[in-house]
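Below: one structure, written as structure tokens.
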Amino acid sequence: MSVDSGSGGTEPVDASDEPDWGVAPEDEIASVVEALGHQQRWWREKAGLSVTEFAAAMGYGEDLVRKVERGARIPRPEYLDKADEVLEAKGFISAMKGEMARARYPKKVRELAKLEERAVELDSYGNHNLHGLLQTREYARALFECRQPALAQDRMEREVAGRMARHVIYERDPAPTLSFILEEVTLRRPIGCRMVMRRQLEHLLEVAQLRNVAIQVMPTSHGGHAGMDGRIQVLKFKDGTAVGQSEGAFAGRLVSDQKELRILELRYGMIRAQALTPRESLAFIEQVLGET
């Protein structure tokens, strides 16, 4: 998401003050945003600036400054950098950019990202859409454009940004083991335009080259298999614990009980055995790309 900043003698555009950048009081991230607001106010008062003077020096509206100090608005990275500069806060305010970046994403995205950050192994079978960790930005946006009721543009961009932020998992060291099983239909269903699908298929081939990633395809011609009940995902952690979820088991809820996890692991193992091997899958994806 980009910010239009005013220049010359024009009025600056207060682009950070968007409806979907607000904070719900019941959201656990609210305390972090409030802490930032208190810190900004402390530095502003220490500098001897009123809200009006600070807003003018920042190039943002007074209303936004007040909302940030109340913990009612999540500021953008450029706002934090500017506030740190104006208030000579020695990096204390700009240091909050990481926390604010996570706060911007929808709660469900933050919760999923926390699990993925801890995971040393991720197993995922998808029968409808490609897994979020495999999606390109354009493919993800095209998927969100299918939502009904339709998402507001700023909300959609926020959802896309949250999904892309989870891709940091590929930069972890040591790298987690990632296993994805894709139904053939997820490769062939046209999402977005032809170039969006071609780029998505090319991206799958690129990701599949990573040593910690295995991508397998379940061809439609293989008929019925152990995944007919729907999507399955299992995340395993360093301490030996794990969580899993399946649309066709345990009412779709997240489970951590060992007996329930064994059922999901059994199903996933059978699906993996019934799917194409990783090498065969790469050739299959290349074939679909050539037909797209």
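Checking the range 176-197 against the condition returns no match, with no residue being under 18 Å from the mean Cα position of the chain (by Cα) and of a type in the set (V, I, T).
A count restricted to the range 130-162 and to residues that are closer than 23 Å to V243 by Cβ, touching a Lys or Arg at 6+ places or on another chain (Cβ under 8 Å) and modelled with pLDDT of 90 or more stands at 3. Filtering the range 103-129 to residues that are open to solvent by less than 30 Å² (accessible area, probe 1.4 Å), modelled with pLDDT under 95 and not hydrophobic (A, V, I, L, M, F, W, C) leaves R104, P106, R110, E116, G126. The residue that is least open to solvent (accessible area, probe 1.4 Å), among those in the range 245-263 that are over 19 Å from E111 (Cβ atoms) and either in a strand (DSSP E or B) or in contact with a strand residue (DSSP E or B) (Cβ under 7 Å, 6 or more places away or on another chain) (or both), is A249. With respect to the stated conditions, R163 is under 26 Å from L261 (Cα atoms) and among the basic types (K, R). Taking the criterion of being of a type in the set (A, V, I, L, M), in contact with a strand residue (DSSP E or B) (Cβ under 8 Å, 6 or more places away or on another chain) and part of a helix (DSSP H, G or I), would at least one residue in the range 269-278 satisfy it? Yes: one or more hits.
Among residues of the range 263-279 that are polar (S, T, N, Q), those with a beta-carbon under 8 Å from a residue that is part of a helix (DSSP H, G or I) and open to solvent by 70 Å² or more (accessible area, probe 1.4 Å) at least six positions away or on a different chain give the pairs Q274/H222.
The values are calculated or read from the model by the stated rules, or taken from the named source; none is laboratory data. Just so you know, these numbers come straight off a predicted model, no measurement behind them. Positions of Cβ are backbone-derived with ideal geometry, glycine not excepted, and every protein chain shown enters the neighbour counts. Surface areas here come from the heavy atoms of the whole protein model, side chains and all, with no ligands, DNA or RNA. Shrake-Rupley method; radii C 1.70, N 1.55, O 1.52, S 1.80 Å.
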